[in-house]
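**Student:** One structure, pasted below without further comment.
The values are calculated or read from the model by the stated rules, or taken from the named source; none is laboratory data. Since the model is a prediction, treat every value here as computed from it, not as a measurement. Counting neighbours? That spans all protein chains shown, and the Cβs are built from the backbone with ideal geometry, glycine included.
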């Protein structure tokens, strides 16, 4: 499954949409977006992607907030729930 945006007959791959499509294919996040609006109110959108940071904090966020977070928080990255974390990668033989 590849998530793409079509712009003037050109296909643009989106890593964020691909991550959201994988979450959706597994039944969805089951969470509301945990980001807050500029007035500190809750985002009412469903979460699409799980983000984490180097401090160990995690949040489920909608696609509307993920770009902002990844730009404003350099330590943030797309997290996965597939059970094949970094330890599994490093221990492969």
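Residues checked against (1) surrounded by fewer than 10 Cβ atoms within 10 Å (Cβ to Cβ); (2) within 12 Å of the chain's Cα centre (by Cα); (3) part of a helix (DSSP H, G or I):
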{"position": "50", "(1), (2), (3)": "no, yes, no"}
{"position": "56", "(1), (2), (3)": "yes, no, no"}
{"position": "64", "(1), (2), (3)": "no, yes, yes"}
{"position": "67", "(1), (2), (3)": "no, yes, yes"}
{"position": "70", "(1), (2), (3)": "no, yes, yes"}
{"position": "80", "(1), (2), (3)": "no, yes, no"}
{"position": "89", "(1), (2), (3)": "yes, no, yes"}
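**Student:** Of everything in the range 36-48, what is more than 17 Å from residue 18 (Cβ to Cβ) and part of a loop (DSSP other than H, G, I, E, B)? Give them in sequence order.
**Tutor:** 37, 38, 39, 40, 41, 43, 44, 45
**Student:** Another question about this same structure. In the range 11-35, which residue that is outside any helix (DSSP H, G or I) and under 15 Å from residue 51 (Cβ atoms) is modelled with the lowest pLDDT?
**Tutor:** Applying the filter and picking the extreme gives 29.
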